[in-house]
Amino acid sequence: MTKAIFFFVASLLLLLPFVFNAGEIPIAHQLIVCSPFLLFLGISHGAIDNILFLRNNQLKNVEFVGIYLAFIGFNVLLWITLPIIAYILFLILSAYHFGQSQFSHYFNKQPLSHKTLYLFWGFSILTGLIYFNIEEMRLIMIEQEEFAVFSPLHQENYMLYIFLTTTLGALVLMVFLTFKKSLKLEALLMEILVIALILICFYLMPLLIGFTLYFVILHSFKVLREEYKFLNSEREVRSIGHFIMMVAPFTLFSIAGIAFLFGINYFDIISLSYGYILLIAISSITLPHIFVMNRFYNLLFSKGFYKTFS
């Protein structure tokens, strides 16, 4: 069992008594508790996208930032004009990204079978999150009118079908890759344990708290660790403190931007719920980040990074 999984289980067990004693926790209260973790620890794992992408690339930093902001602007425009399309795109890309980061250290290439596993695994946990918290999702769509447009996508039977199909698909692919010797047997058993723990967490925890536990502990920390080890191997960071200083500027800049949006919403310059603003902001940052991370993993594979640090 890895340290991340141990920390994840320990956090789940420590939080369970508080959650059960608290009863139903309103989404607004969950947002207050979880937002600092999502912002400071979630955003930070994408805060050095420019450094990672510009390696072995002729693109200048200012050009990269311009393209990055253009992706963000495009996504915001998509949310304004076609929110359902924006939401579906966000789910698809997030599912792939979650699966890719979960299995990256096992492989040294990304054929179609691996990419399909990424997508199925990511959809399994995302649809599991929605299905196990379907009543909470319905309440959000009733209380916050911006979310009502997504109600056709959150039908209970529909979510259950996708959840069961993608979970079974992910398990079949993992077994297939084990027979093909792309995955070791202990890796297969470990990943079955991990997905079971994540789904148990989503079942037991309220919507946002459960997602935050997974996203921060099992996703963001893993990616940050990979980024640190890679840059350390390339002699671009000397210590964890140096790495923190490296990710801090864009992390704080992104948080300041979200705080600005919250501020103009507070003064009724825009009229959206804080949760909806946070969803748009996170999805807009996620869009270019996913393409950067895909290139980063290809770079790690080409350098044999996981063979060196496995």
- Item | Any chance Ile134 is in contact with an Asp or Glu (Cβ under 9 Å, 6 or more places away or on another chain) and surrounded by fewer than 17 Cβ atoms within 10 Å (Cβ to Cβ) | yes
- Output the number of residues of segment 177-209 satisfying the condition of being part of a helix (DSSP H, G or I) and either acidic (Asp, Glu) or loosely packed, with under 14 Cβ neighbours inside 10 Å (or both). 8
- Consider Ile84 against the criteria (1) touching a helix residue (DSSP H, G or I) at 6+ places or on another chain (Cβ under 9 Å); (2) within 28 Å of Ile244 (Cα to Cα): it satisfies all of them except one. Which criterion is unmet? (2)
- Of the residues in segment 32-57, those that are touching a helix residue (DSSP H, G or I) at 6+ places or on another chain (Cβ under 6 Å) and over 22 Å from Tyr228 (Cα atoms) come to Cys34
- Query: If you check Lys229 against the conditions, is it among the basic types (Lys, Arg) and in contact with a helix residue (DSSP H, G or I) (Cβ under 6 Å, 6 or more places away or on another chain)?
  - Reply: yes
- Query: For segment 259-278, which residues satisfy the criterion of being part of a helix (DSSP H, G or I) and either of a type in the set (Ser, Thr, Tyr) or in contact (Cβ under 8 Å) with a residue 24 or more places away in the chain (or both)?
  - Reply: Tyr266, Tyr274, Gly275, Tyr276, Leu278
- Identify the residue in segment 104-126 that is within 14 Å of the chain's Cα centre (by Cα) and in contact (Cβ under 8 Å) with a residue 60 or more places away in the chain and, among all such residues, is surrounded by the fewest Cβ atoms within 10 Å (Cβ to Cβ). Ser124
- Which one of these is within 16 Å of Asn50 (Cβ to Cβ), in contact (Cβ under 8 Å) with a residue 24 or more places away in the chain and part of a helix (DSSP H, G or I): Thr251, Thr212? Thr251
- Item | First in segment 140-163 and under 23 Å from Ile270 (Cα atoms), second anywhere and among the β-branched types (Val, Ile, Thr) and surrounded by fewer than 17 Cβ atoms within 10 Å (Cβ to Cβ), Cβ under 7 Å, 6 or more apart | Val149/Ile84; Phe150/Ile84
- Query: Any residue at all in segment 249-262 that is among the polar types (S, T, N, Q), buried (at least 16 other Cβ atoms within 10 Å of the Cβ) and farther than 26 Å from Ile85 by Cβ?
  - Reply: yes
- Query: So how many residues does segment 7-24 have that are over 23 Å from the mean Cα position of the chain (by Cα) and closer than 15 Å to Val216 by Cα?
  - Reply: 0
- Just a yes or no: is a residue in segment 228-245 buried (at least 16 other Cβ atoms within 10 Å of the Cβ) and acidic (Asp, Glu)? no
- Task: Select from segment 25-64 the residues that are assigned to a loop (DSSP other than H, G, I, E, B) and either more than 19 Å from the chain's Cα centre (by Cα) or hydroxyl-bearing (Ser, Thr, Tyr) (or both) and list them in ascending order.
- Result: Ile25, Pro26, Leu54, Arg55, Asn56, Asn57, Gln58, Leu59, Lys60
- If we ask which residues in segment 185-209 are more than 21 Å from the chain's Cα centre (by Cα) and free of Cβ contacts under 8 Å to residues at least 24 places away in the same chain, their number turns out to be 4
- Tally, over segment 139-176, of residues that are over 28 Å from Phe103 (Cβ atoms), loosely packed, with under 15 Cβ neighbours inside 10 Å and not hydrophobic (A, V, I, L, M, F, W, C): 7
- Item | Single condition Ala281 does not satisfy, out of (1) more than 23 Å from His105 (Cβ to Cβ); (2) of a type outside the set (Lys, Arg); (3) not in a helix (DSSP H, G or I) | (3)
- Name the pairs: first residue in segment 21-37 and of a type in the set (Ser, Thr, Tyr), second residue in a helix (DSSP H, G or I), Cβ to Cβ under 8 Å, at least 6 apart or on different chains? Ser35/Leu278
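No lab work stands behind these numbers, since they all come straight from the coordinates. Please read these numbers as outputs of a predicted model, since none were measured by experiment. Every residue, glycine among them, receives a Cβ derived from its backbone with ideal geometry; neighbour counts consider all protein chains shown.
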